[in-house]
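Engineer: Sharing a structure here in structure tokens format.
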Amino acid sequence: MSLLWSQCISKLEGELPPQQFNTWIRPLQAVESESELKLLAPNRFVLDWVKQHFIGKIEEVLSAQKTDSSPSVVLEIGTKKPESAEESSPSPARKAQSAKKNQPNNLNVAFSFETFVEGKSNQLAKAASMQVAQNVGRAYNPLFIYGGVGLGKTHLMHAIGNEILKSIPSANIVYLHSERFVSDMVKALQHNAINTFKEYYRTVDALLIDDIQFFAGKERSQEEFFHTFNTLLENKHQVVLTCDRYPKEIKGLEERLKSRFGWGLPVAVEPPDLETRVAILMSKAVHSGVDLPDEVAFFIGKRIRSNIRELEGALRRVIANSHFTGKPITLEFAKEALRDLIALQDRLINVENIQKTVAEYYKIRGADLLSSKRTRSITRPRQIAMALAKELTNHSLPEIGAMFGGRDHTTVLHACRKVQELRESDNKLAEDYSNLLRTLSA
Amino acid sequence: MPQQLALPFAFNPELGFDQFHPGVNAEPVRHLRQTAAGMGERLIFLWGDSGAGKTHLLNACCREAAHRNRTISYLPLDLLIAWDAGALEGLEHQDLVCLDDVDRIAGDPAWEAALFILFNRLRELNRDLIVTATAPPARLSISLPDLKTRLGWGLTLRLHALADEDKLVALELHARSLGLDLPPQVGRFLLAHYPRDLPALRCLLGQLDHATLAAKRRLTIPFIKAFLGETT
């Protein structure tokens, strides 16, 4: 850091309240020359604020520091990076997290097919992704992977890119988030470089764009992407897209794009079942160099059902607590470490809440679920609510029956079997069940 | 004799780790220190009731990181929400970003989207992020599910309220940073007779500091009674 600036900030630190100092002065980076001190602000917002409120103070402090003529202060938006203060001895946590060194194409090498934990909920998506990686531009084009948040779509996308590079190291692959595509395009337009932008994206061997639901409502970006997409497909270059929903369901997206997204193979990723959740936990634990007993993995897997990020967060909490206390990870230990998190889940998921959510979803009255009515429009939601109660709570079948208007436990058992059967044969019902499961455990 | 006027200068007590009494919160404090130093978890989500000390700790992280020549941005979202989400632009180039009161932007589409973008970029560039809120990620009313799940991806830590004995130590630390001598019996008196949340007690201590200076008196129980009798 510039010596002058470092003297200046220690003075300012003593004079300004810590919050003000940390918000406005700390983010500034200084580049000092003979005649000027250039202060780089991370964005326009900080720059304007400093200009308005602090520049006078900064100049005053600077002139007090310098006995001869003080340099003029120039404020600009920018950063001195890329050099960063690198730690001398990274902790195990940091090492595990930094293993994912990124390449220029933005691919994260840690996301490979080998590290992807396969289960019933994602095996089709994985198989299709492997096909695409082995037959670039010739298998499914575009490959459209969709599903809820935190279920592994991004992992698959990176795995495709990494796998292609294994067999064709010279392949030009670009992974990016849809928001980055939009902001790059806006920048290109501002700098009169739209042709370079077009050229860049239209000549890649594989374009992997994450979360394309963020294109919704951005017409100019959609237009540009439409042309990029067409050029790539015409030239048999691979396109892989992920989205939080099926193409036809994306609001604010042009029809022609929706229909094109469906040309290749749309493939869903569902929330993982218990066994897959446990396998994911085991794999993450191995990756972190931690010995995770089966019973602990099952305990966490049973409690955290909604998505993989939350599952990872819970495991991280247990590992961190074990490092801090120096105690081994046992079931009791994990229960204690996750006490807050579990209390939270238990509060959210109870039979009353399940009944309320199911009734709202099917637009029926909550009381109907408890009544003796036997019309199809009531019995089906009732059976689904019972199956959800069995899956999401620890109540016994007789208890669940009692909470559904005093029904027998065999009725609950029948409902659970029926729903299981229908989930395999009736797509609409399977989707309803997944939606409800997601809503309840989110 | 008329009371001497204390000069109304702004005194800014340091918000460092040394001025924070961890009590039952030794674990979160250690993780925060490590992350601030660039040697811990990449993402920490710290939650706890108002007044538990989240803001103090974030400011302490900024100090710690600065001592290690790391570049930092601290954003008190409670204040910044009045302006626009452009405040989050470009922060991915900082080594450490500290976002205070993230619950304040929950439900605001522009801020949520900006934070989502920042989150992804920080992750791409392997930068550190510390976020605070009054509730854990799953309980925040964030509308963007992509953002909500990402916030729970890292290490989520709870900052617990301190027991009375620890509050006493925390108050003594605060008094020391003000240059004020707080005898234990006076501290206990404050805890027993006034609101027991630390921010209120710290604020009261600030007023008492001012009053003892003006009156050139030591801080005693009779002085407190007289002072509060006067001000109420």
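The values are calculated or read from the model by the stated rules, or taken from the named source; none is laboratory data. This structure is a prediction, so every number in the text was calculated from the model and none was measured. Neighbour counts are summed over all protein chains in view; Cβ atoms, including those assigned to glycine, are modelled from backbone coordinates with ideal geometry.
Engineer: Would you be able to say whether some residue in the range A:205-222 is in contact (Cβ under 8 Å) with a residue 12 or more places away in the chain, crowded, with 17+ Cβ neighbours inside 10 Å, touching an Asp or Glu at 6+ places or on another chain (Cβ under 8 Å) and outside any helix (DSSP H, G or I)?
Structural biologist: yes
Engineer: For the range A:227-278, what are the residues that are among the acidic types (Asp, Glu) and without any contact (Cβ under 8 Å) to a residue 12 or more places away in the chain?
Structural biologist: A:234, A:249, A:255
Engineer: Return the residues of the range B:11-50 that are part of a helix (DSSP H, G or I), more than 9 Å from every other protein chain (Cβ to nearest Cβ) and among the small types (Gly, Ala, Ser); say none if nothing qualifies.
Structural biologist: Result: B:23, B:36.
Engineer: Next up: What are the residues in the range A:316-366 that are of a type in the set (Val, Ile, Thr) and within 28 Å of residue B:134 (Cα to Cα), if any?
Structural biologist: Residues satisfying the conditions are A:318, A:319, A:325, A:342, A:349, A:351, A:354, A:357.
Engineer: Would you mind finding the one in A:267, A:290 that is buried (at least 19 other Cβ atoms within 10 Å of the Cβ), touching a helix residue (DSSP H, G or I) at 6+ places or on another chain (Cβ under 7 Å) and not basic (Lys, Arg)?
Structural biologist: None of the others qualify; the one that does is A:267.
Engineer: Right, another one. Does residue A:42 satisfy the condition of being at pLDDT 90 or above and in contact with a helix residue (DSSP H, G or I) (Cβ under 9 Å, 6 or more places away or on another chain)?
Structural biologist: Spelling it out, residue A:42 is indeed at pLDDT 90 or above and in contact with a helix residue (DSSP H, G or I) (Cβ under 9 Å, 6 or more places away or on another chain).
Engineer: Sticking with this structure for a sec: Restricting to the range A:125-151, give me the number of residues that are surrounded by fewer than 21 Cβ atoms within 10 Å (Cβ to Cβ) and among the basic types (Lys, Arg).
Structural biologist: 1
Engineer: How about the range B:169-197: which of its residues are of a type in the set (D, E, K, R), over 22 Å from the mean Cα position of the chain (by Cα) and assigned to a helix (DSSP H, G or I)?
Structural biologist: B:188 - this is the single residue of the range B:169-197 that is of a type in the set (D, E, K, R), over 22 Å from the mean Cα position of the chain (by Cα) and assigned to a helix (DSSP H, G or I).
Engineer: I need a count of the residues in the range B:146-168 that are outside any loop (DSSP other than H, G, I, E, B), more than 14 Å from chain A (Cβ to nearest Cβ) and buried (at least 17 other Cβ atoms within 10 Å of the Cβ).
Structural biologist: Total meeting the criteria: 3.
Engineer: Mind checking which residues of the range A:14-47 are within 13 Å of chain B (Cβ to nearest Cβ), more than 37 Å from the chain's Cα centre (by Cα) and buried (at least 17 other Cβ atoms within 10 Å of the Cβ)?
Structural biologist: Listed by number, the list holds a single entry, A:16.
Engineer: Sticking with this one: For the range B:167-179, indicate whether the set of residues that are modelled with pLDDT under 85 and over 24 Å from residue B:54 (Cβ atoms) is non-empty.
Structural biologist: Checked the range B:167-179: at least one residue is modelled with pLDDT under 85 and over 24 Å from residue B:54 (Cβ atoms).
Engineer: Only one of these is without any contact (Cβ under 8 Å) to a residue 40 or more places away in the chain and either within 7 Å of another protein chain (Cβ to nearest Cβ) or of a type in the set (D, E, K, R) (or both): B:108, B:95, B:100. Name it.
Structural biologist: Answer to the selection: B:108.
Engineer: While we're on this one: Any idea which residue in the range B:116-133 is surrounded by the most Cβ atoms within 10 Å (Cβ to Cβ), counting only those that are touching a strand residue (DSSP E or B) at 6+ places or on another chain (Cβ under 7 Å) and within 8 Å of chain A (Cβ to nearest Cβ)?
Structural biologist: Here the answer is B:120.
Engineer: Looking at the range A:77-92, is at least one residue at pLDDT below 85, surrounded by 18 or more Cβ atoms within 10 Å (Cβ to Cβ) and in contact with a helix residue (DSSP H, G or I) (Cβ under 8 Å, 6 or more places away or on another chain)?
Structural biologist: No, the range A:77-92 contains no residue that is at pLDDT below 85, surrounded by 18 or more Cβ atoms within 10 Å (Cβ to Cβ) and in contact with a helix residue (DSSP H, G or I) (Cβ under 8 Å, 6 or more places away or on another chain).
Engineer: Moving on. Keeping to the range B:61-90, report how many residues are more than 7 Å from chain A (Cβ to nearest Cβ) and in contact with a Lys or Arg (Cβ under 8 Å, 6 or more places away or on another chain).
Structural biologist: 5
Engineer: Something else about it: Scanning the range A:390-427 for residues that are under 24 Å from residue A:365 (Cβ atoms), part of a helix (DSSP H, G or I) and modelled with pLDDT under 90, which turns out nearest to the other protein chains (Cβ to nearest Cβ)?
Structural biologist: A:392
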